[in-house]
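Colleague: One structure, pasted below without further comment.
The values are calculated or read from the model by the stated rules, or taken from the named source; none is laboratory data. Owing to the predicted nature of the structure, the values given are computational and were not obtained by experimental measurement. Every residue, glycine among them, receives a Cβ derived from its backbone with ideal geometry; neighbour counts consider all protein chains shown. These accessible areas exclude ligands, DNA and RNA; they are computed on the full protein's heavy atoms, side chains included. Shrake-Rupley method; radii C 1.70, N 1.55, O 1.52, S 1.80 Å.
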Amino acid sequence: MEAEPPLYPMAGAAGPQGDEDLLGVPDGPEAPLDELVGAYPNYNEEEEERRYYRRKRLGVLKNVLAASAGGMLTYGVYLGLLQMQLILHYDETYREVKYGNMGLPDIDSKMLMGINVTPIAALLYTPVLIRFFGTKWMMFLAVGIYALFVSTNYWERYYTLVPSAVALGMAIVPLWASMGNYITRAFSPLWSRMAQKYHEYSHYKEQDGQGMKQRPPRGSHAPYLLVFQAIFYSFFHLSFACAQLPMIYFLNHYLYDLNHTLYNVQSCGTNSHGILSGFNKTVLRTLPRSGNLIVVESVLMAVAFLAMLLVLGLCGAAYRPTEEIDLRSVGWGNIFQLPFKHVRDYRLRHLVPFFIYSGFEVLFACTGIALGYGVCSVGLERLAYLLVAYSLGASAASLLGLLGLWLPRPVPLVAGAGVHLLLTFILFFWAPVPRVLQHSWILYVAAALWGVGSALNKTGLSTLLGILYEDKERQDFIFTIYHWWQAVAIFTVYLGSSLHMKAKLAVLLVTLVAAAVSYLRMEQKLRRGVAPRQPRIPRPQHKVRGYRYLEEDNSDESDAEGEHGDGAEEEAPPAGPRPGPEPAGLGRRPCPYEQAQGGDGPEEQ
């Protein structure tokens, strides 16, 4: 039986011509070095390149899925714990037996104030924190603060709950700004955003023909951006369903039924005033044992820790290290000022009403529909199922945002606004009867449809911002402005929680109409070709000298720099010969040695 030939030819083995190959080069120990250590002759460069870019694309998808799952778990734990905590602290018997005269209602009010008021100052520090820590590490730090808030519930005291609530309020806007920034960046062709990365890795052959330094046309990454935003928000909206698991599997077993809790409730829906006026002060049939509460909080703490590990271990960096250096080298004063300077851009000014409405509608789903219409009429024991209906409707509808791949850009946002407009009109004239379950199916349908509108709103806005602002230097500012206005809206809802339901619906209706009209006006200006006025991003001023710019092209420059230079008129160089060696080549910056000799280093500009 003949022996099988070896899979790979062995270096130094005698060839078919004895000790010499066909070209007369000796084989064996005296063969040239290139013959021994050269590339494998059957190496397929195109196949290896295809495998390389496939690994890159899978890495981008891994980043998006890990960030989405981390955000879902973080908010699911936070909302679930906060909901369970507020229900337990609302019960008079629980407060008196467990904590005596410690004043839990006062602690809860200060805790909610810390969560809702602190984000008002976020516009001052969010861009600085994102540039200082980096996008990924800002996400990790913010998720860690959410885990800190969960851990303080092991020992519920004023000096644990209130400071952790203030810290959590400070982390809300940075978390969402860095999340939106990260998902948008998940793609970058020659920057580092995820969607733009995915475009590069999917069209590498086209770039090979033009050179890897050739940037793809503007907007070419938009389809990937739309897909990734739909994935992110379909995960995120599931956090509302995850938050109800402690309620369904633990707290519901201790609650009174609706005949007890709603005994003094006289009006619901559009006729109600404040939040659950007349609701019974005792909602717990029996008090949960401390050991059971510790088990539930330990499970929530473990999930929060898992979210931290997901962000830390599976989320790749949003930027290359040199890009991180460039982003924070524009000067901390400029980083502080640029969010305010972007108010010059008419696109942002036209989108501000939508930002505000985006904050209004989420709080209205949790307090207006779930409490004012739901709990007020069908009891506290069905609160979890109403929010699950909202969550599943929003998660499924987030995938409807993919229709934007084939439909005009305004359609998802306008469709979401239309769904909410119709529901707001219906709720304005509907007052469900307390303790009557025949209309409960209407509540579930309304909650699910409101989730559909919320999903189209969130997905459409985030995708629109990613398309309008592609430059990597601007996106953290833009998403900071977006989520800051959301925080302002949530704070406004917190202040107006005691208003009549009709007043809340009227404010919601006026804001929605203003947002839709303003957005359509913006799209009309864009079609007419009105150029937006954007603040100039200063060039990075590096304090250290090194080898970063020895390459022919600066791969870290933005599209704006690549197309229009520095964005501002520069002074003409003085006539006559310059001292020192001439720059070697017109298409690159001088190397550090040339800068030192020529006197044009960054420190002297």
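Colleague: Based on the Cβ-Cβ distance from GLU96 to ALA302, what FRET efficiency comes out when R0 is 35 Å, to the nearest 0.05? Present the calculation step by step, with values, prior to reporting the outcome.
Modeller: On the way: r = 31 Å, r/R0 = 0.89.
Approximately 0.65, to the nearest 0.05.
Colleague: May I pose another question? Tell me, what ³J(HN,Hα) does each residue in the stretch 432-438 have, in order and in whole Hz, if you take phi through Karplus 6.51 cos²θ - 1.76 cosθ + 1.60 with θ = phi - 60° and put x for Gly and Pro?
Modeller: With the stated coefficients, the stretch 432-438 comes to x, 7, x, 6, 10, 9, 5 Hz.
Colleague: How many percent of the accessible area of the stretch 365-492 is carbon or sulfur, using a 1.4 Å probe?
Modeller: 79 percent
Colleague: Using amide H atoms built 1.01 Å from N in the peptide plane, name the residues 5+ places from SER272, or on other chains, whose amide H lies under 5 Å from its own.
Modeller: Residues meeting the amide H criterion: MET501.
Colleague: Distance in nm between label sites at ASN44 and SER277, each 7 Å beyond Cα in the beta-carbon direction?
Modeller: Between ASN44 and SER277, the label points sit 7.5 nm apart.
Colleague: Further question: Roughly how many whole Å is it from the C-alpha centroid of the stretch 227-246 to that of the stretch 495-517?
Modeller: That distance is 26 Å.
Colleague: If we sort 484-495, 521-532, 350-361, 250-261 on the protection proxy, mean other Cβ atoms within 10 Å, highest first, what's the order?
Modeller: Taking the mean over residues of other Cβ atoms within 10 Å, the ranking is 350-361, 484-495, 250-261, 521-532.
Colleague: Next question, about the same structure. PRE reach from LEU520 (point 7 Å along Cα→Cβ): which of the stretch 413-432 fall under 15 Å by backbone N?
Modeller: Residues passing the 15 Å test: 413-422.
Colleague: Quick check: residue separation of ASP471 and TYR346 times 0.36 nm, minus the Cα distance between them. What number comes out in nm? Numbers along the way, then the final one.
Modeller: On the way: separation 125, 0.36 × 125 = 45.00 nm, distance 1.71 nm.
Between ASP471 and TYR346, full extension yields an extra 43.3 nm.
Colleague: Using the structure shown, select from LYS98/LYS281; LYS110/LYS502; LYS56/LYS136 the pairs with a Cα to Cα distance greater than 20 angstrom.
Modeller: Numbers: LYS98/LYS281 16 Å; LYS110/LYS502 27 Å; LYS56/LYS136 18 Å.
Too far apart for the 20 Å limit: LYS110/LYS502.
Colleague: By how many nm would the segment from HIS500 to ARG285 grow when fully extended, if each residue of separation counts as 0.36 nm and the alpha-carbon distance is taken off?
Modeller: So the chain would gain 74.3 nm between HIS500 and ARG285.
Colleague: Probe of 1.4 angstrom, ligands and nucleic acids ignored: what's the accessible area per residue over the stretch 425-548, in square angstrom?
Modeller: On the way: 5530 Å² over 124 residues.
So the stretch 425-548 comes to 45 Å² accessible per residue, rounded to a whole number.
Colleague: What is the gain in length, in nm to one decimal, between TYR263 and LEU509 on full extension, counting 0.36 nm per residue of separation less the C-alpha to C-alpha distance?
Modeller: Contour length minus Cα-Cα distance gives 85.4 nm.
Colleague: Testing the spin-label approximation: label points 7 Å from Cα along Cα→Cβ at TYR158 and LEU86. State their distance in nm.
Modeller: 2.3 nm
Colleague: Now for a different question. What shape does the stretch 240-355 have by the C-alpha gyration tensor, where a ≥ b ≥ c are the square roots of the eigenvalues, rounded means a/c under 1.5, and otherwise prolate means a/b greater than b/c and oblate the rest? Could the numbers behind the result be given before it?
Modeller: Numbers: a/c = 4.12, a/b = 1.64, b/c = 2.51.
Verdict is oblate for the stretch 240-355.
Colleague: Calculate, for the stretch 330-420, the solvent-accessible area per residue in square angstrom, rolling a 1.4 angstrom probe over the heavy atoms of the protein chains.
Modeller: Values: 3030 Å² over 91 residues.
Per-residue accessible area for the stretch 330-420 comes out at 33 Å².
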